[in-house]
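Working notes for the structure below.
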Amino acid sequence: MIKTLIRSLLISTSLFSCNQQQEIGEGISTDVDQIQAGKSLFETNCSTCHSFDQHGIGPNLSGVTHHVSTDWIREFIKDPSKIIASGDARAVSLVEKYKTTMPAYGGFSEQELNDILSYLHTFELLPDTVAQVGLKDPIPDSIPDSGIRLELEFFAQLPASDPKAPLAKMTKMEAERNSGRLFVNDQRVGLYELLGNKPNLYLPITEYKPDMVSKPGWATGMASFAFHPDFDQNGIFYTAHTDAGKVKASDFGYSDTIRVFMQWVLTEWKASDPDASIFSGTEKEVLRIDIPSQAHGMQELTFNPHAKRGDEDYGLLYIGFGDGGLTEKRAAYLSDNKATSVYSSILRIDPKGSNSTNGKYGIPASNPFATVEGKAGEVYAYGFRNPNRIFWDASGNMFATDIGQHSIEELNKIEAGHFYGWPIREGRFIINPHGNFRDVFSLQAGDENLGITYPEIQLDHDELAAIFAGYEMPYGKLQGKFIFGDVLSGRLFFSDLKELGKMSVQSWGVVFEGKEMTLRELVKNDRVDLKFGKDAENTIYIMSKTEGKIYKIRE
């Protein structure tokens, strides 16, 4: 029956011209086992950005093998940047439309490419050509360039953990607050301490976590870390990493009708000697959460740097947890959970407590839903797609950047108990989580009365594709300004966090070795994978996963 269905989906080559018959669909197998192998590869590597019923981060792929050359698809999968650089009209138009470049999959074998093509070929219908009914350009104003250029200086290089980009999957570089020791992660490897500018592997996490996976996806592996404010005395710190799905029973999950592709795991580590150069001690699992894809998981762990010993917030751990791809998997009801679960939320827990359901951590009494029946007491604020960075400004205000779906990137001021819109809002726009994610619509009258907190900054994908927060600059031409950027392109921006409710945004640039250049030019790649870091002396750094290098922003 399956073979009959597959055959019925194949379009006769007589629909195309003679020249097209030599290319479109040529050599694509209809073998059922090969199609199933391709389905598995697609779900593992491609499903976060592509589907067969709508456009998303990337284009709807339904029918693509029935109207595009097989060789073209094959070569594009291997190295999109090469095809784009050649000036290929189709490739260039895709970049212009989706504002991002697909990562290269040059590691696929020829058999794996054939398997994927076989799976793609089972989808006959062409991508919809109906005119977009949402807003064509949600935010028509462009961001002005300030003309400010800051000088970069090479600081450090992490060892390559893969021969292909990204060479070192860095997401965070911060100092332990008491000793000033500077740490940076590689999601594939673990936690490094930078001694001067030389990396020393402090926590080789794969030796302790054999089930950890760091692919597919740019966000998987050991994504974040945070040192307890009393680390110098208690030796405690925390990491977030991904395990393969269903390795262990989870603390938070969903119906078995939705696959468990990965699990995010929060671990507490206790160093027997906090001053040691290599970790030795104990570890315990604190929390495990199921997700259906490789995206939008536990991207941030942090403590409030303003909290002092004796303050209610001292020692409470904040966790940024996205929707895990649930909305893309047509399970928006799990993202739009009204604080009944941990998905799409910023969590706050007491690592010393034990009143959680699993008994491994505490739920602070001051959390907004701690005593509300039917709510997840861990939730501090909710309604985020991917709250990838949480931080506090000099005045103690809490903020988070949130990466949007296809249209809007956000900076939000975080208030306890507030709802920030996802998956029914993207920025100050309506989005239909059950429809086409590419469409956003203007707010209707009275929307401000629906209990949604809107972002302080919203930028559309004409300007950037994935927002990531930096810091308030403590020196230089941007002193006092909040810097941030676009993960993919490396484009750099700033604003003023003191101008709440009326924050404007400008761009800035860099100079390296006397030459002004973009970060794409600096890393010699279309994808920068930008991150920021800060040391104990408040020096600010720019990092690129793509090349595994760290650059200091000079005064």
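The values are calculated or read from the model by the stated rules, or taken from the named source; none is laboratory data. None of the values given here were measured: they were computed from a predicted structure. Positions of Cβ are backbone-derived with ideal geometry, glycine not excepted, and every protein chain shown enters the neighbour counts. Only protein heavy atoms, including side chains, enter the accessible area calculation; ligands, DNA and RNA are left aside. Shrake-Rupley method; radii C 1.70, N 1.55, O 1.52, S 1.80 Å.
Here's the yes/no breakdown for (1) of a type in the set (S, T, Y); (2) touching a His at 6+ places or on another chain (Cβ under 9 Å); (3) over 26 Å from T546 (Cβ atoms); (4) in contact (Cβ under 8 Å) with a residue 12 or more places away in the chain:
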residue: F183; (1), (2), (3), (4): no, no, no, yes
residue: L191; (1), (2), (3), (4): no, no, no, yes
residue: N197; (1), (2), (3), (4): no, no, no, yes
residue: I205; (1), (2), (3), (4): no, yes, no, yes
residue: H228; (1), (2), (3), (4): no, no, yes, yes
residue: D232; (1), (2), (3), (4): no, no, yes, yes
residue: A240; (1), (2), (3), (4): no, no, no, yes
residue: Y254; (1), (2), (3), (4): yes, no, yes, yes
residue: V260; (1), (2), (3), (4): no, no, yes, yes
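Grab the helices (runs of 4 or more DSSP H) fully contained in the range 38-105, keeping just those with 2 or more residues being touching a residue at least 24 places away in the same chain (Cβ under 8 Å) and closer than 19 Å to S489 by Cα.
Filter on the range 38-105 gives 80-85, 89-98.
Suppose we filter S161, S179, S146 for residues that are small (G, A, S), farther than 30 Å from R428 by Cβ and surrounded by 15 or more Cβ atoms within 10 Å (Cβ to Cβ); which single one remains? Don't jump to the end; show me each part of the working.
Numbers: S179 fails: surrounded by 15 or more Cβ atoms within 10 Å (Cβ to Cβ); S146 fails: farther than 30 Å from R428 by Cβ.
The match here is S161.
Determine if the range 54-62 includes at least one residue that is polar (S, T, N, Q) and under 18 Å from A331 (Cβ atoms). Walk me through it before giving the result.
Of the residues in the range 54-62, the ones polar (S, T, N, Q) are 54, 60, 62.
Next, from what is left, pick out any that are under 18 Å from A331 (Cβ atoms): 54.
Yes, that holds for at least one residue.
Only one of (1) more than 24 Å from the chain's Cα centre (by Cα); (2) within 25 Å of K39 (Cα to Cα); (3) modelled with pLDDT of 85 or more; (4) assigned to a loop (DSSP other than H, G, I, E, B) is not met by S118, so which one is it?
(4)
Applying the selection to the range 528-550, what residues are out of contact with any Pro (no Cβ under 7 Å at 6 or more places or on another chain) and open to solvent by 10 Å² or more (accessible area, probe 1.4 Å)?
K531, K534, D535, A536, E537, T539, E547, K549, listed by residue number.
If I filter the range 190-249 down to residues being aromatic (F, W, Y) and assigned to a helix (DSSP H, G or I), which single residue comes out as farthest from F154 (Cα to Cα)?
Y208
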